[in-house]
């Protein structure tokens, strides 16, 4: 038996005909919650990795790409976002990035599983980086779809940081959920969504875009490459009651980003604009 044979590996079986494996250098946490099986383990390339039912959710090494692109793109495109709603995001990374904007006055984060929040604070504190202690954050433990159905508040930006449309995350990809979200946006509000890797999960993006085209004046998507979300670049759905946010100029984005006054690892205004340039195989997924 070789040394590699003795190593423990986590195999992600999200796709029917394709899988990735990540070596477990040290298992730090492995437990079943009410909703799913949670693991946190150490990996030599990506640092600490969080999986739900063996599907990678986030890693210490590359989470900044995903979190920056789902927060800074809509917040800076909006230009005056005061109230942000995050559906999911129990590891705190999305709240971390949203709260870097001092112009954001209030962030509501709705997470279905309190266990995700609790162990993320203990095992992945670098992801939230103090976000859970920020007085602007209101953490709500509730089903995101139920919260959205009953919500009466208005938000400038809604970020749907969901798992893939299996298990508890499935309801966050329905027309009904998106309809409630559209009602919860301000006049110039923006919703962005996690829509998987379109090369492997094209139906997921098509379904979201079909709903968005019926609900919003501007419906599209943008892309970013996150190494551990394997199979090509990831798609983020984009919906807004106004088309002006997506058309914001590079010069305005540069001014807003400079005024925000923080550094990023992936996001910049040029990447922001370029992310909406879509390859043909993605364009063909539009309904």
Within the stretch 142-156, take every residue that is assigned to a helix (DSSP H, G or I) and touching a helix residue (DSSP H, G or I) at 6+ places or on another chain (Cβ under 8 Å) and give me the one that is nearest to residue 184 (Cα to Cα). 148
Would you list the strands (runs of 3 or more DSSP E) that sit entirely within the stretch 47-111 and hold 2 or more residues that are more than 16 Å from the chain's Cα centre (by Cα)? 47-52
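Okay, residues lined up against (1) over 18 Å from residue 129 (Cβ atoms); (2) assigned by TED's automatic domain parsing to the domain that holds residue 251; (3) in contact with a helix residue (DSSP H, G or I) (Cβ under 9 Å, 6 or more places away or on another chain):
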residue	(1), (2), (3)
20	yes, no, no
52	yes, no, yes
67	no, yes, yes
75	no, yes, yes
79	yes, yes, yes
103	yes, yes, yes
Those residues that are over 26 Å from residue 62 (Cα atoms) and without any contact (Cβ under 8 Å) to a residue 12 or more places away in the chain, I need them from the stretch 248-287; list them, please. 249, 251, 255, 280, 283, 284
Of the conditions (1) modelled with pLDDT of 95 or more; (2) under 23 Å from residue 13 (Cβ atoms), residue 194 fails just one. Which one is it? (1)
Determine, yes or no, whether residue 80 is within 30 Å of residue 248 (Cβ to Cβ), surrounded by fewer than 16 Cβ atoms within 10 Å (Cβ to Cβ) and in contact with a strand residue (DSSP E or B) (Cβ under 9 Å, 6 or more places away or on another chain). yes
Checklist (1) under 19 Å from residue 66 (Cα atoms); (2) assigned to a helix (DSSP H, G or I); (3) out of contact with any helix residue (DSSP H, G or I) (no Cβ under 9 Å at 6 or more places or on another chain) applied to residue 208, failing item: (3)
On the basis of being under 20 Å from residue 79 (Cα atoms) and in a helix (DSSP H, G or I), does residue 214 make the cut? no
Does residue 95 count as assigned by TED's automatic domain parsing to the domain that holds residue 250 and farther than 25 Å from residue 46 by Cα? no
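For residue 203, are the conditions met, namely being in contact (Cβ under 8 Å) with a residue 24 or more places away in the chain, surrounded by fewer than 17 Cβ atoms within 10 Å (Cβ to Cβ) and in a helix (DSSP H, G or I)?
Judged against the criteria, residue 203 is not a match.
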Taking residue 42 as the residue in question, decide whether it is crowded, with 21+ Cβ neighbours inside 10 Å, part of a strand (DSSP E or B) and out of contact with any helix residue (DSSP H, G or I) (no Cβ under 8 Å at 6 or more places or on another chain). no
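The values are calculated or read from the model by the stated rules, or taken from the named source; none is laboratory data. Quantities reported herein were computed from a predicted structural model and do not represent experimental measurements. In this analysis, Cβ positions are derived from the backbone assuming ideal geometry, glycine residues included, and neighbour counts consider all displayed protein chains.
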